[in-house]
Each structure stands twice: as structure tokens, then as C-alpha cells.
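> Here it is, the structure in full.
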Amino acid sequence: MASIAPRGPLIEDLARCVHCGLCSQSCPTYVETGLETESPRGRLHLMRAKAEGRIAATSNFLRHMDLCLLCRNCEAVCPSGVPFGRIMQAQRAEVLATHPAPWWERLLRYVVFTLLMPHPARIAFLAGMLRFYQRPGLQGLVRKLRVLRIFPASLRQMEAMLPPLSSHFFSPSMAVTPGHGKGRGGAAVFSGCVMPYLYAEVNEATVRVLARNGYDVKVPPGQVCCGSLQEHSGERAAAEALARRNIDAFTSGEADPIIVNAAGCGATLKEYRELLADDPGYRDKASEFAARVFDVNEFLARHKLRGALGAVPMCVTYQDSCHLAHAQRVTSAPRALLNAVPGVELFEMHLPDRCCGSAGIYNITEPEMSARLLHNKMQDVQSTGADTIVTANPGCMLQLSVGLTREGMPGRVAHVVQVLDWAYQAGEGDEKMPGAKK
Amino acid sequence: MFNQRDPTSALIRDLQAVVGKSYVVHAPEDLLVYEYDCSIDREHPSIVVLPGNSEEVAAVLKLAARAGMPVTPRGAGTGISGGAIPVGRGMVVALTRMTRILDLDPVNRIAVVEPGVINLDVTKAAAQHGLFYAPDPSSQKACCIGGNIAENSGGAHCLAYGLTTNHVLAIEVALPDGDVVWLGDPTGLEPGYDLRGVFIGSEGTLGIVTKAVLRLLPAPETVTTLLAVFDQTDYASAAVSAVIAAGIVPAAVEMMDRLAIQAVEASLHAGYPKDAAAVLLIELEGLRETVAEQAQAVAAICEVQNARAVEVAQSAEQRERLWAGRKGVAGAFGSIAPNYYILDGVAPRTKLPEVLRRVEEIAARYEFPVANVLHAGDGNLHPCILFDDRVPGADRRVLEAGMEIMRVCIDAGGALTGEHGVGIEKQDCMAWVFSEDDLAAMAKLRPAFGADAKFNPGKVFPGARGEWEGSTGARRIMERALAAGAYI
């Protein structure tokens, strides 16, 4: 597939910013540094200055672009409707094309984005290897022997953050999990490329909870990674290729709603229309596909939950995943679902929709800023006195788990659907409540 | 030639020693983001310094004075009269790192804050004690206390509560020579000259606020917000006068016309009817019984004044949504035009219909769309002229249209600025309302604070910008500054 040379951000998009500055306090990196260069308004101004030829893409310019989390909080509060996410993605695509990364980064990108992520079987193989590595003794031995010193710092950081992989993996299949009670039609679950290996139980919970609510649940085979990490780091062509495969996988059968439990994937899937706007063969299909996509919280909160929800006594705080709250603007649904569970008490943080610093691969690429944001987040969590942090995205779950460990805090991290799943199990008189992974 | 990236340059090195390396901005592309505030003027500084506390502000000012470097203070960069624009370049001292609330005393009802504290954050911190900070500029979730003090900011609720000066008891300021002094007293009572009052609203020309003691007020028992919808702007203006004539002083009376409503509804969806010619947002606060009675009276008055509908916000969420529309309206113009020029004029309430008609005529003559947003209760109007700065000459014509509109306000017996300040924008209009003697008396204040023309240069006084840019004194200062390590 010949890729078109990426164009930078559109001047029309940039010109929507009237530099009123109302976004500044929503930007984690601005609040942290106080520097206008690290604010949404500053970044937009720099991108416009570059587009108009006033400045070149200097190392300082690139630094300010890289430090953006793409959390899109600014976009959610912007009174002018500046499409910041679209602008920054276009900027990154342009930078990638005009400023080749160092060889090792290009190699890593090639391995991850081209050799690995488009191929579920290879991901599964790698995940299996990692699980083997995590067997009692082995990981500890490797760490003790300090063999990891031969790897670059970013890889060591990844190794340190990796949570125990699921004991079994989740994979799409032709099987249908029938809905309980009066049927509400089908629901096609998007499985994602991280959830099945790190948080298989979240996908399983999603299937069970949807079935409990009367949906015949499918997990169509042929689906692949959504392409969000690729798109955010400027690899647009790779993202487009994945989008086409997903559209094919989900449009071969019935036009069921597509249910996503990873906020980052959901935001990307809903924006396939824009991603494939230049592809005449897929443009219309992408529109139809995007219209069928729902975040699992959004989807379930449309109706009263069905069936007996048992009591799950816990004090929770809800961390808004950026790509659910700011990209998809879903904030009340997860709270409504949590509040519907008997025994769950919700204590809000001071800034529940402030990014935790996970932001895709940001915690690997910008470990210092990520750590600062995570520290602030964990302090905010601590002030609520909650024993469980509930969120709606695997990246956030991973980051918050690291936060608990780093700060030496008790507690655990769970996805909203897990809480619902536990409530249904409790409703059945099933006393066993599986602990979420820490 | 001077190498701006050479970190060993004397001034840069000295400043870095005070505030840390990351907080001296001197690369040309980085300086670009300090060329704007929320006004339409642009000029980028030679260097930006971000001190972290009062001592660092003082040390930075001392270094600037020693290098003969002009200084422009900057808060959150949300000002609308160009106060933070470094005319003729020089040094910008940005207070955005000084964001600590140092003390909050619910018994004495005061808060001690640094200048970079965001306006709304004061109220957020005070809310747990049932208190709030009254001045509420529309940009309150982004603007900071230091900037509010410099501009003597108002806001929708200043109809009932007054301006910033009524809520700042004392300030610690760093004078241009780096001395740090306190003005005013936390009790609000002090013998002698009210230098605090002189400093508030001085638009950053006398020094830099480094700490402020703010008055907190008990939150009202109840708040009711009404939305009155009109088919003609004249009816809405008449309703404002009628409400106040009836002896009711609402906490806020805001008016938006058709184009403003359309901008809000295009991006913020506040729930204003898109086909209305004008809406009034009227807020009543106080004791539950009084407010209920007043709300009925206000609704009845609006109906008599031909309101098509009067709606009372039924929930906190609805109230917030109605206000989010009003507070975000300026930014929302971005959804219907690439640029806007927001004016800040004052006219007697009773003259509003006539003034608004003249505004429309002027805009039509210049062929610019104009949207009107008014703090109608106190006759403070904000006509917003929509334009595209990529059209050659548009920015010049928009300023000319703005000046004509300001003239209309003055001729109607109004004032030059309700709350945005004079800055660069309205300095030439100052001569319309002040005699030469008046202005000369004002100018004597600057040396009294140890300030001269190079402290926030080119602001407030008629012709100040042109004078500063053209003066040989300014050139000499800049030459010295260059030698000391500034980037031009």
C-alpha cells in the first residue's frame, strides 16, 4: 500500500485556536512546569509558526511536541472546539516522515509496529514467552544477576512495569455466549491487543456482564490491534492497515454494536472515519463501523442493569481514563454503573480526570514526567481513602498498579466491568471474589 | 555577533543561578509562545524568566535593573488589553510557577496566595469552609490572582460584589529595584495613604505582586439562575433597567446577543435558544425566602418587558451549563471565526439600546460581524468583532472599528474600560477622558514606586507604545541588554 506523504496539521484546524488560554489548567505538563511551551496554547502556536514557516522543527520544537501526553483534556475544555488530538497526530506523522528517528528506535518501531502488533499469533507467542519468564524464580534470578543492564533504560523500565501476565489468555473465536433472559440482540466485543494477555479476566468479565444483560456476545475472529499506539506516534499508514482489517472482521457478520473495554482503543475505533477519510474503498465502511462502536460503560449505562447484583463492599475511587473522558466524553456512565452496585462507595479524587501519566507508551518514552504525574495521582488517590482504584483502560490499570507499588500503598486496581462481574457473582450467592491484579 | 544559545552569556547565567536552568527561556522558538496574551497584539520578548518565590522575583528584578533590561510582568497570559506583551522586547517575568496557597484562615476569612494562583482555585480551596472569593472574571479557571490585581479585574458578579480592589486586603510587592514591601493590611484597615489601592489596577507598571491577602466571603445560602429569552435586544436592555429600577440588585445580569448565542451553541451547548435575538442570564443569591421572592419578581418584570420565555435553572448541573456558555463565549468565537477582538466599554444602563445600535452600524460599515456580550447590570459591554487576521489589513481595520465603538461609549457618558484594562489597546483613548494635567499627575506615581518607562514599557499612557519603541533611550537600553546577554 503506497503511503501518501503525511501532511502536517491543517491550518484551518490550527486557526481555530484564539489563544484564550482557558485550556491551560487542564494540561498536566503545563500545570507541572508552568512553561507556556508545555501548554496546549503554546504547542498550537508553535505548530502554527512551523506551518507558516516562521520556525523550523528544531530540537526544542520536537521536545515540546514529545512532552505532550495526547490526553486531550485541553480538547474537552476548549470553547473553540480546537481538534487538538487530530492536530498533534498530524504533527507527529509529519515529524516522523521528515525527522527520521535514531536507528535503534526505528528498529524497535519496526519490530513492534510492523512485525508484532498486526499479528495476534506473534503477540500470543511473545506473551507466552514472557509468562514463562515470569515463572517463580526466573524473573527474580534474572533481576538478581543484573543481566538486564545490557538493555537500554527504556526497555528496563518496561520490564520493571510489566505486571504478571494472565494465567490463561483470552482469544477471539466463533463461539457465541448466549444472553440471559429476554434477548437484546448481539454484541461484538473488541478484544484489544493488551487486554487478552495482561488482563484476560477483564475481557472475560466483559463477556459475562454483557451476557447477563441479555446480549448474545461474540468476539469475532480476524480482529487485530486497533492501531492507536501507531497513530499516536505518527505511524499513520500502519494504523490505517490495521483499521481496514478490523473493519473487515466486524462487518462480515451482523451489524451488532461493537463493544470496547479499553478507552484508548474505543477512541481510535470511533475515529476510523477520519483515519480512512482518504481511502475511497473504506471511507463509507469506516463511517458505518465507527457509528457502531461503544465503550462498554457507555453501552451498559444506557439501560438499567439487569439481574441480581450482590453486595460488593468496597471503597472505590474512579480514575477517568483520558481517552474515555476527553476523547469520547464519557464521564457519568462509569460512575452510574459503580453507584448501581450495592456496597460500593465511590469517593471522588480532587482531579479524577487528570492523566495518570500512562498515555500509551508515554511512561516508557517520557519516564520522568510520567513519574511526576503518577506521584501526584497517587497522592490524590490516597486523599480519598479508597481501597480500590477503578478505571476503564488497560494502560491506566498498568500505570496505577505501578503507582501503588512505587508509593508502597495498599489497595488494588480494577476495571469497571470487573466490579460489575463481582457483583453478579455475589448476586448468585457465589462468595468467592477474585482479587484484581495488583 | 551575540550567540543567544550560548548559556555562558552573563545575564542568562546569572538568571539561571537564581531560578534554575529550566526556568530561563531564551531559545528563539521558545520565546515565540510568549509573544501573545489573549489580546490581538504580538511581540516576543528577548528573554523569559520564571521565578519560584518572592525572593527570586526580587533577585531577578535586581539583575534586570543592573543590566538595564526592560521588564514586563506576565501572569496566566489571559489578559485582553495587551498588558503582558513586551513592547520593544526585553524581559518577561512570568509568575506561572508561583501557584501556592500559603494560608487559608476560615475564621478571619482570609487567604494568603502567591500571584500565580488561579482565581477559581481560591474558591475551590475555600469551599470546604463554606467560603468563596468573589471576583469572577470569565477566564477565572485560567487567569491568576496576580493578573487580576494588575488589571483590577471584575467579572459577572461584580454587580453585587465589586471589583478585585474590594477583595484584596494587602499585597506584598517587589518594586522595580528589587525591594520587597507590603502595602495594605490584612485587617483591611490601615492609616495613611492607600498605596494598596494605588497599586491595584496599575497594570504591572509599578512592580510585581509576590503575595496577596484575599478577603473570603461566606457562600450565599441559595443561588437561583434565570434565563430570559427575547426576540429583540432592545427588550432585553429594557428588562435590565427595569429589574434594577424595581430595587432588585441581582448578583449578576449578563446579556448575550444572537451571534454570541450561536457561537456558544456551536461548541458549548449551554442550552440557549438559537433563534433568540438576546438572552439574559440573571443570578440571584442570598437567603432562600428572599431569593424565591426576587426570582418571581424578576420573571414577572422580564415578561412585562416582552420576554418570550423565562426559565429557572432546575439543578446545579443546569446552572453550571448556563454559566459555562457565558464564561466560554469568547473562546467559542473560535468556532465561527479565526480571530476576534473583544472590546471593553462602559455605558449608562439606560443608554445601552442606543449604544448597541451604534455598535451594529459601525460593524456593518466596516463589514465585520459583531457579537455582543454584556455585563448588562453595570452597563459594561463587550462587543466582539469577528475577523480573519490572514486577510491583509483586517487587523488594522478591526482596531479602527474598535476605536469608533469606544468613542460611542465615551460620548454616551460611559467609561474606557470596565475590567480589561488600558494596556496597549486603549492607551490612545486615555486622552479622550483625561486632560494633560490628569495624565501628568498619574505619571508622577511611577517614580514614586521606583519605576520608570522601562517597567512594563509602552502601556497605559497615550502614545506610550510608539514613544517607547521610537525612543533613543529605549534603543540604548536594548543595546546594553544585548551586551548583557539578551536575545533579540
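> Tell me, yes or no, whether region A:16-24 has at least one residue that is more than 22 Å from B:Asp121 (Cα to Cα), part of a loop (DSSP other than H, G, I, E, B), facing chain B (nearest Cβ under 9 Å) and in contact with a His (Cβ under 8 Å, 6 or more places away or on another chain).
yes
> Hey, any hits in region B:246-254 for a residue that's charged (D, E, K, R), open to solvent by 30 Å² or more (accessible area, probe 1.4 Å) and not assigned by TED's automatic domain parsing to the domain that holds B:Leu163?
No: zero hits.
> Quick one: A:Cys71 ticks every box in (1) closer than 22 Å to B:Gly77 by Cα; (2) crowded, with 20+ Cβ neighbours inside 10 Å; (3) not acidic (Asp, Glu) bar one, so which box is it?
In the conditions (1) closer than 22 Å to B:Gly77 by Cα; (2) crowded, with 20+ Cβ neighbours inside 10 Å; (3) not acidic (Asp, Glu), A:Cys71 misses (1) alone.
> Using the structure shown, decide if A:Ile123 is of a type in the set (Val, Ile, Thr), within 14 Å of chain B (Cβ to nearest Cβ) and assigned to a helix (DSSP H, G or I).
In short, no.
> Looking at A:Leu35, A:Leu44, A:Leu69, can you tell me which residue is facing chain B (nearest Cβ under 8 Å), among the hydrophobic types (A, V, I, L, M, F, W, C) and closer than 30 Å to A:Asn376 by Cα?
Selected residue: A:Leu35, the only one of A:Leu35, A:Leu44, A:Leu69 that is facing chain B (nearest Cβ under 8 Å), among the hydrophobic types (A, V, I, L, M, F, W, C) and closer than 30 Å to A:Asn376 by Cα.
> May I pose another question? Select, from A:Leu67, A:Leu44, A:Leu108, the only residue that is out of contact with any Ser or Thr (no Cβ under 6 Å at 6 or more places or on another chain) and either over 26 Å from B:Pro28 (Cα atoms) or touching a residue at least 60 places away in the same chain (Cβ under 8 Å) (or both).
A:Leu108
> Which condition from (1) assigned to a loop (DSSP other than H, G, I, E, B); (2) open to solvent by less than 40 Å² (accessible area, probe 1.4 Å); (3) within 10 Å of another protein chain (Cβ to nearest Cβ) is the one that A:Arg54 breaks?
A:Arg54 satisfies every listed condition except (2).
> Tell me the residue from B:Ile342, B:Ile301 that is in the same structural domain as B:Val253 (by TED's automatic domain parsing) and open to solvent by less than 40 Å² (accessible area, probe 1.4 Å), please.
B:Ile301
> Tell me the strands (runs of 3 or more DSSP E) entirely within region B:53-120 that contain at least 2 residues that are within 11 Å of chain A (Cβ to nearest Cβ).
B:91-94
> Checking B:Val373 against (1) within 14 Å of another protein chain (Cβ to nearest Cβ); (2) of a type outside the set (D, E, K, R); (3) touching a Gly at 6+ places or on another chain (Cβ under 6 Å), only one condition comes out false. Which one?
(3)
> Let me ask you something else. Name the single residue, out of those in region B:28-52 being within 8 Å of chain A (Cβ to nearest Cβ) and in contact (Cβ under 8 Å) with a residue 60 or more places away in the chain, that is most open to solvent (accessible area, probe 1.4 Å).
B:Pro28
> Now for a different question. Go through (1) in contact (Cβ under 8 Å) with a residue 24 or more places away in the chain; (2) open to solvent by 20 Å² or more (accessible area, probe 1.4 Å) for B:Ala126 and report which single condition fails.
(2)
> Quick check on my filter: what residues within region A:290-309 are touching a Pro at 6+ places or on another chain (Cβ under 6 Å) and assigned to a helix (DSSP H, G or I)?
A:Asn297
> Answer yes or no: is there a residue in region A:132-149 that is closer than 17 Å to A:Pro394 by Cα and aliphatic (A, V, I, L, M).
No; the residues of region A:132-149 include none that is closer than 17 Å to A:Pro394 by Cα and aliphatic (A, V, I, L, M).
> Kindly indicate whether A:Pro83 is closer than 25 Å to A:Leu242 by Cα, out of contact with any His (no Cβ under 9 Å at 6 or more places or on another chain), away from chain B (no Cβ under 14 Å) and not basic (Lys, Arg).
So A:Pro83 does not fit the description; no.
> Considering only strands (runs of 3 or more DSSP E) fully contained in region B:266-385, which possess at least 2 residues that are at pLDDT 95 or above and under 29 Å from the mean Cα position of the chain (by Cα)?
B:278-286, B:370-375
> Would you mind finding the one in B:Ala27, B:Ala84, B:Ala17, B:Ala111 that is small (Gly, Ala, Ser) and within 21 Å of B:Ala451 (Cα to Cα)?
B:Ala84
> Still on this structure, please answer the following. Report, by residue number, each residue of region A:344-359 that is open to solvent by 20 Å² or more (accessible area, probe 1.4 Å) and either touching a residue at least 60 places away in the same chain (Cβ under 8 Å) or among the aromatic types (Phe, Trp, Tyr) (or both).
A:Phe347, A:Asp353, A:Arg354, A:Ala359
> Determine whether B:Val113 is of a type in the set (Val, Ile, Thr), open to solvent by less than 10 Å² (accessible area, probe 1.4 Å) and farther than 18 Å from B:Ala464 by Cβ.
Yes, satisfied.
> For region B:147-190, how many residues meet the condition of being under 13 Å from B:Pro135 (Cα atoms), out of contact with any Leu (no Cβ under 8 Å at 6 or more places or on another chain) and among the aromatic types (Phe, Trp, Tyr)?
Residues that pass the stated criteria total 0.
> Could you tell me how many of the residues in region A:260-292 are closer than 20 Å to A:Cys322 by Cα and open to solvent by 10 Å² or more (accessible area, probe 1.4 Å)?
Result for region A:260-292: 5.
> Here are some conditions: (1) surrounded by fewer than 19 Cβ atoms within 10 Å (Cβ to Cβ); (2) touching a strand residue (DSSP E or B) at 6+ places or on another chain (Cβ under 8 Å); (3) without any contact (Cβ under 8 Å) to a residue 40 or more places away in the chain. B:Ile261 meets all but one. Which one does it not meet?
Every listed condition holds for B:Ile261 apart from (1).
> Please go through region B:228-237 and pick out each residue that is surrounded by 24 or more Cβ atoms within 10 Å (Cβ to Cβ) and of a type in the set (A, V, I, L, M).
Those that are surrounded by 24 or more Cβ atoms within 10 Å (Cβ to Cβ) and of a type in the set (A, V, I, L, M): B:Ala228, B:Ala236.
> Would you check which residues across region B:128-184 are more than 20 Å from B:Pro51 (Cβ to Cβ), away from chain A (no Cβ under 14 Å), over 19 Å from the mean Cα position of the chain (by Cα) and in a loop (DSSP other than H, G, I, E, B) and list them?
Selection gives B:His129, B:Gly130.
> Follow-up question, since we're still on this one. Need the failing condition index for A:Gln89 against (1) farther than 25 Å from A:Glu368 by Cα; (2) open to solvent by less than 40 Å² (accessible area, probe 1.4 Å), just the number.
With respect to (1) farther than 25 Å from A:Glu368 by Cα; (2) open to solvent by less than 40 Å² (accessible area, probe 1.4 Å), A:Gln89 is out only on (1).
> Looking at this structure, is A:Ala340 under 17 Å from the mean Cα position of the chain (by Cα) and small (Gly, Ala, Ser)?
So A:Ala340 fails the test.
> Sticking with this one: What are the residues in region A:172-194 that are in a loop (DSSP other than H, G, I, E, B) and under 19 Å from the mean Cα position of the chain (by Cα), if any?
A:Ser191, A:Gly192, A:Cys193, A:Val194
The values are calculated or read from the model by the stated rules, or taken from the named source; none is laboratory data. Computed from a predicted model, the values in this text were never measured in an experiment. Please note: Cβ atoms are built from the backbone with ideal geometry, for glycine as well, and neighbour counts cover all protein chains shown. These accessible areas exclude ligands, DNA and RNA; they are computed on the full protein's heavy atoms, side chains included. Shrake-Rupley method; radii C 1.70, N 1.55, O 1.52, S 1.80 Å.
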